[in-house]
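Okay, structure first, notes after.
None of the figures in this text is laboratory data; all of them are computed from the coordinates on show. The model shown is predicted, which means the values in this text are computed figures rather than measured ones. Here the Cβ positions follow ideal geometry from the backbone for every residue, glycine too, while neighbour counts run over all protein chains shown.
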Amino acid sequence: MHARRRTTLLAASVVLALGAGPLAAPAFAAPAPRAPVCTTAPSHQALCAAIGGLPDASTTAALVRMTDNGVAWQGSSGVRDLRSGKAADPDARFRAGSTTKVVTAAAVLRLAARGDVDLDASIERYLPGLLGPEFEQPVTVRNLLNHTSGIQPGVSWGNTFEEQYAHRYDTLSPRRVVESAVARGPAFDAGDQQQYLNINYTILGLLIEKVTGRPYASEADRLVLRPAGMRDTYFPGTDPRVRGPHHHGYQRVERPDGTTRLVDVTEWNVADRWAAGDMISTTADLERLITALFSGEIVPEPQLREMFTVPAGIEGAAHSAGLTRLELRGTVYWGKSGARPGYSTLIAATEDLGFTLVFSLSDTDAKDQSSNPVADRIREAALT
């Protein structure tokens, strides 16, 4: 989908696909945009304005938390779901997408800190027979953490939204994804390039299970979520629902005549994303995560350095262990974005925690390559 579609206004009514699939689409009136609910720090008026006017064509809800030099700010806008039109819930759960990788990386680094994992060891030491003979160059745990493994993507439910939506209640196991990825052979020798892919963190999920002898979800909870105080975060497994109070997610789909409708994509089995992207969380919990991590409360030194180190000698490398480096106006931020159909998320902070930013959007085209305009406004208001 093209960026121009993000700029069209909501029509007088919004069509929501329910029940059997995209063609079962009763219409109902779109809720009017709501005024954002924001804390009152005068210096953050631009941030409050950035999330105004929701729901709109690109975003049905926005939740934002920011701290800047000790001053905390929180705002919410839009609706929990289009049917009820109830105001966005600041404490609502949502699909956090690839921010899951921050938790997975932290769990692996904690295991390394206690001597259970050697970051320089081949993954074959822990998962014998994982890689075939085509992988002549050893793939280390660190290669997986910083996306320099060369392992190609595995199978998926398809490349289009329509293909994937048709399988939203089906299960594609992480192990099947890994097996298909390995069968394709390497895209490049480990350490030669950096290519951000989910498959690296799916394999790290298998590593965590092998080393600990326990399921990934329980170990991620024990090693990261509980120490960070993330009480409202969980891993759904094959359950397609979002438990507890949550925001609905929608996907904008174009009709043959050029008009659009919205499909409810809240329920979705994301087992194939697993340790790379199936976490359900809240903005408060994600703020706790990045604060506890950067404070050294979860991963000790020197392992914590891995989260603030991009691989040397690779042109354009920006990904570290679980995070991405961004330099803007002379300030370096470390963070992670995440996207699942219906939801976009970002967590970011300076290393000294002088600045933190967390937001979640109910994004009507979260997997599009063009940028969401509400996300652009939030970043512009927060980082200037």
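Could you estimate the translational diffusion coefficient of the stretch 113-246 from the Stokes-Einstein equation, with Rh from the Kirkwood formula over C-alpha pairs, at 20 °C and 1.002 mPa s, in whole µm²/s?
130
Name the shape class, rounded, prolate or oblate, that the alpha-carbon gyration tensor gives for the stretch 250-384, where a ≥ b ≥ c are the square roots of its eigenvalues, rounded holds for a/c under 1.5, and otherwise prolate holds if a/b is larger than b/c and oblate otherwise.
Because a/c hits 1.5 or more and a/b exceeds b/c, the stretch 250-384 counts as prolate.
Let me confirm the definition first: pairs of Lys residues in the chain, 8 or more apart or on different chains, C-alpha distance under 25 Å. How many are there? If you can, show how the numbers build up before the last one.
Numbers: LYS101/LYS210; LYS101/LYS336; LYS101/LYS367; LYS336/LYS367.
For the chain, the number of qualifying lysine pairs is 4.
Among LYS367, LYS336, what is the fewest-to-most ranking by other Cβ atoms within 10 Å?
Numbers: LYS367 15, LYS336 25.
Ascending number of Cβ neighbours within 10 Å: LYS367, LYS336.
Say we join alpha carbon atoms closer than 10 Å with springs in a Gaussian network model of the chain; which of LEU326, LEU223, LEU357 then has the biggest fluctuation?
Looking only at LEU326, LEU223, LEU357, the biggest GNM fluctuation is shown by LEU326.
Among the trypsin sites (Lys or Arg not before Pro) within the stretch 71-117, which fall in a DSSP loop and have no more than 13 other Cβ atoms within 10 Å of their own Cβ?
On the way: sites: ARG80, ARG83, LYS86, ARG93, ARG95, LYS101, ARG110, ARG114; in loops: ARG80, ARG83, LYS86, ARG114.
Sparse-neighbourhood loop trypsin sites (Lys or Arg not before Pro): LYS86, ARG114.
Local charge sum around TRP268 (other residues, Cβ-Cβ under 13 Å, Lys/Arg +1, Asp/Glu -1)?
Summing Lys/Arg as +1 and Asp/Glu as -1 gives 0.
Could you work out [θ]222 nm for the chain from helices alone, using -39500 (n - 2.57) per DSSP H run of at least four and dividing by all its residues? Round to the nearest 500 deg cm²/dmol.
Helices in the chain give a 222 nm mean residue ellipticity of -6500 deg cm²/dmol.
Are there GluC sites (Glu not before Pro) in the stretch 77-177 that DSSP puts in a loop and that have at most 11 other Cβ atoms within 10 Å, and which ones? Can you show the working numbers first?
Values: sites: GLU124, GLU134, GLU136, GLU162, GLU163; in loops: GLU134, GLU136.
Loop-located and lightly packed - GLU134, GLU136.
Checking understanding here: applying a Kyte-Doolittle mean of at least -1.0 and a length along the axis of at least 24 Å (C-alpha), which whole DSSP H helices in the chain pass?
Qualifying helices, which must be both long enough and hydrophobic enough, do not occur.
Counting Lys and Arg as +1 and Asp and Glu as -1, what is the net charge of the other residues whose Cβ lies under 10 Å from the Cβ of ALA190?
-2
Assigning unit charges at the beta carbon (Lys, Arg +1; Asp, Glu -1) and nothing else, what dipole magnitude in debye, to the nearest 20, does the chain show about its Cα centre?
It works out to roughly 920 debye.
How much net charge surrounds TRP334 when only other residues with a Cβ under 14 Å from its Cβ are counted (Lys, Arg +1; Asp, Glu -1)?
My count for the surroundings of TRP334 gives 0.
Using the Kirkwood radius over C-alpha pairs as Rh, can you work out the diffusion coefficient of the stretch 3-382 via Stokes-Einstein at 10 °C, viscosity 1.306 mPa s, in µm² per second?
75
From Cα pairs below 8 angstrom and at least 6 apart in sequence, can you work out the relative contact order of the chain, rounded to a whole percent?
Over the chain, the number comes to 23 percent.
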